[in-house]
């Protein structure tokens, strides 16, 4: 089996991987690089040669941004239901032909069998893909972590470690934080210790969570039920959250007023703006909390709306990453035991090579055959 990393070697974001079948090829993800590099039309045309089917791991921009490109019109997209809902909400709709994937249900393209495996990331309903041509097997992880609330990894790791028929010839893994010493805390610790211990002592709790981090929202919703608090959520996030969890009822934050909220205890998820700042400041400082629950990089003047909201208010940061730390990636690789290892979505290729002797070190657009 042959493959090319069209974009994504030695850089974080912008992932596009092309896998060659006998007569048809597939792409995994259609990302835009986070470093501002623009993928030229000639390279995209090359990426699409022989490709009718494109598989999307999750809905983050650095994995889907090119889906609206005119060259993609008429292609078949394979993605999760929630990914489609999020992309629709963002105006990414250049896919008249789409197919909803489900866990462990194989898709047949030419001589390739592509099987989605549900994983965990800050983008909910994310998937890994196992690609099998009858001779060799590739596992493409997409973005993932082992410290989420849902123990999906126990299932997938057990399956791959105990099933000899799932021997992986090439593991394509992300390595976003592989060159750091970060150790990320588990989501259950975040909820049961950090959030709980803060909210139990405060009546009016305002939390900033990105509008598509549905698993974090669900944790906070569950905590509100446990504490007997009302759960408010702003419109953009609420519409998508209720697509992810259709049987949950929440309160719309845009219709809330201090007059009614003053006698309540609540958790309110908000989008930063002047109206929310005014609402927050209307409550007693001793009874309120302001929490930032997102990637610390958003607290930068580049993200003006978020930066301006938080920079003149005291707040607490409670967050854990959507990606694996180095220890978790090492654990995942150790259990999968691939013959070859191809790190992408990383700037840490040299660190991988120090720890593993089977690393494939290739550049963008360089053909590799297993």
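Just so you know, all these numbers are worked out from the coordinates, no wet-lab data involved. Not measured: the values here are computed from a predicted model. Glycine gets a Cβ as well: all are built from the backbone with ideal geometry, and neighbour counts include every protein chain shown.
Kindly rank 54-60, 303-309, 286-292 from highest to lowest mean number of other beta carbons found within 10 Å of each residue.
Top to bottom by mean Cβ count within 10 Å: 54-60, 286-292, 303-309.
What order do you get for 312-324, 13-25 when each peptide is scored by the mean count of other beta carbon atoms within 10 Å, highest first? Present the calculation step by step, with values, prior to reporting the outcome.
Numbers: 312-324: 17.1, 13-25: 20.5.
Those peptides, ordered most packed to least, come out 13-25, 312-324.
Using the number of other C-beta atoms within 10 angstrom as an exposure proxy, rank 367, 67 with the fewest first.
Working: 367 11, 67 23.
Listed from fewest to most nearby Cβ atoms, that is 367, 67.
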Problem set entry | Rounded if a/c under 1.5, otherwise prolate or oblate - the range 219-305, Cα gyration tensor axes | oblate
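Find the relative contact order for the chain and round it to a whole percent, using C-alpha pairs within less than 8 Å whose residues are 6+ positions apart.
Working: 751 pairs, mean separation 76.4, N = 370.
Computed value for the chain: 21 percent relative contact order.
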Problem set entry | Centroid-to-centroid separation of the range 254-325 and the range 26-74 [C-alpha atoms, Å] | 34
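Below 8 Å, C-alpha to C-alpha, sequence gap of six or more: please give me the relative contact order for the range 136-223 in percent. Walk me through the intermediate numbers first.
Values: 49 pairs, mean separation 30.4, N = 88.
Once divided by the residue count of the range 136-223, the mean separation gives 35 percent.
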Exercise. Could you give the angle, 0 to 90 degrees to the nearest 10, between helix 326-336's Cα long axis and the longest principal axis of the Cα atoms of the chain?
Worked result: 40
Exercise. Cα axis of helix 214-227 to longest principal axis of the chain: angle in degrees, 0 to 90, nearest 10?
Worked result: 30
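State whether the range 1-119 is rounded, prolate or oblate according to the following rule on the C-alpha gyration tensor (a ≥ b ≥ c being the square roots of its eigenvalues): a/c under 1.5 gives rounded; otherwise a/b larger than b/c gives prolate, and the remaining case gives oblate.
Numbers: a/c = 1.39, a/b = 1.08, b/c = 1.30.
Here the range 1-119 falls in the rounded category.
With both partners inside the chain, how many of the DSSP beta bridges are antiparallel, as a percent to the nearest 5? Each step should come with its number before you reach the end.
On the way: 26 of 63 bridges.
Just about 40 percent of them are antiparallel.
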Problem set entry | Rounded tilt (10° steps) of 235-244 against the dominant C-alpha axis of the chain | 50
Exercise. Simple spin-label model, 7 Å along Cα-to-Cβ: residue 236 to residue 335 in nm?
Worked result: 3.6
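Given the peptides 75-86, 137-148, arrange them by the average over their residues of other C-beta atoms within 10 Å, most packed first. Don't jump to the answer; show the numbers that get you there.
Values: 75-86: 21.4, 137-148: 24.3.
Those peptides, ordered most packed to least, come out 137-148, 75-86.
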Seminar exercise, completed: Applying the gyration tensor rule to the Cα atoms of the chain (axes a ≥ b ≥ c; rounded if a/c under 1.5, else prolate if a/b exceeds b/c, else oblate), the class is prolate
For this session: Could you line up 98, 334 from fewest to most neighbouring Cβ atoms inside 10 Å?
Result: 334, 98
Exercise. In nm, to one decimal, how far is the modelled label at residue 245 from the one at residue 263, with both set 7 Å along Cα→Cβ?
Worked result: 2.7
Exercise. Contour minus end-to-end for residue 81 and residue 278, with contour as 0.36 nm per residue of separation and end-to-end as the Cα-Cα distance?
Worked result: 67.3 nm
